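What follows is one structure encoded as structure tokens, with my remarks underneath.
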Amino acid sequence: NILDGVNDNRKEVNYYSDCYSRLIQMNCQLLEEEFENVIMSSANGNYVSSNVPGIKDEDSNFIIQEYLSSSFRRRNYIEFDEGKFPVWSYCYILFRSGRLPELQSYLDKYEGSLKGEVSKLKHFLAEYRSQKGNLPLDSCQSMLQSLDLGEQDVDVFKKMLYCVLIKSQEVASEDLLSRLGDYLWFNVSFFVKGEKSIKNFGLVEDMFCI
């Protein structure tokens, strides 16, 4: 009968939707693994210790080579804590390479001068993971308010990380999408563990006047 046909169609749609979601998830994981390989392979052996417990030499040296000792830093604002460590860039590369347990551990242990803002990210990240990538609108609003500092500059990595978490199309810096893998990951991440939120886009448009 007609009702059975409708139910069969729904099952088929759900099946293909699940397959699509798994495919997107796999692609995102591959892009994250590729980025981690880039980090590990870019090391030249002349390590500069970050003097921060738990930070891998490969990660600190990637940040130095790619972001701190290049034209990237002249074009983008990077915030440091009292120990002169670029907290947000480190958080970003952990998230970008899919190392969420490492990121969560770092946020749990952080006691530096940016602890207040780091604690907010810790909360947002825990919610992001528990909600399978779909943050509630009130959390999205809170994240956007954290980026609204008036005349004060916002760290480029913090802004990019927050925009990815709320599935915003706002690009904090084209420099962060200079590699093909970065560009693909940024776009694929919108569809991982949930669809884009049109309501979220509205919040972003209001905040950044897109």
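Scanning segment 136-157 for residues that are within 23 Å of residue 188 (Cβ to Cβ) and without any contact (Cβ under 8 Å) to a residue 60 or more places away in the chain yields a count of 3.
Beta carbons closer than 8 Å, at least 6 apart along the sequence or on distinct chains, never pair a first residue in segment 20-42 that is open to solvent by 80 Å² or more (accessible area, probe 1.4 Å) with a second that is modelled with pLDDT under 90. Taken across segment 138-148, residues that are closer than 25 Å to residue 35 by Cα, in contact with a helix residue (DSSP H, G or I) (Cβ under 9 Å, 6 or more places away or on another chain) and open to solvent by less than 30 Å² (accessible area, probe 1.4 Å) do not occur at all. Restricting attention to segment 105-137 and to residues that are at pLDDT 90 or above and small (Gly, Ala, Ser), the residue that is most open to solvent (accessible area, probe 1.4 Å) turns out to be 113. Within segment 163-182, the set of residues being in a helix (DSSP H, G or I) and either touching a Pro at 6+ places or on another chain (Cβ under 7 Å) or crowded, with 16+ Cβ neighbours inside 10 Å (or both) comprises 163, 164, 165, 175, 176, 177, 181, 182. Only residues that are of a type in the set (S, T, N, Q) and in contact (Cβ under 8 Å) with a residue 24 or more places away in the chain were counted in segment 105-130, giving 2. Could we say that residue 202 is outside any loop (DSSP other than H, G, I, E, B), open to solvent by less than 70 Å² (accessible area, probe 1.4 Å) and at pLDDT 80 or above here? No; evaluated as a whole, the condition is false for this residue. Candidates in segment 43-83 are the residues that are hydrophobic (A, V, I, L, M, F, W, C), modelled with pLDDT of 85 or more and not in a helix (DSSP H, G or I); of these, the one that is most open to solvent (accessible area, probe 1.4 Å) is 80. When the test is whether a residue is touching a residue at least 60 places away in the same chain (Cβ under 8 Å), surrounded by 17 or more Cβ atoms within 10 Å (Cβ to Cβ) and in a helix (DSSP H, G or I), residue 160 passes it.
Here residue 185 fulfils each of the conditions (1) within 24 Å of residue 26 (Cβ to Cβ); (2) open to solvent by 10 Å² or more (accessible area, probe 1.4 Å) apart from (2).
The values are calculated or read from the model by the stated rules, or taken from the named source; none is laboratory data. Keep in mind that this is a model prediction, so the values were computed, not measured. Glycine gets a Cβ as well: all are built from the backbone with ideal geometry, and neighbour counts include every protein chain shown. Side chains are part of the model used for accessible areas, which takes the heavy atoms of the whole protein and leaves out ligands, DNA and RNA. Shrake-Rupley method; radii C 1.70, N 1.55, O 1.52, S 1.80 Å.
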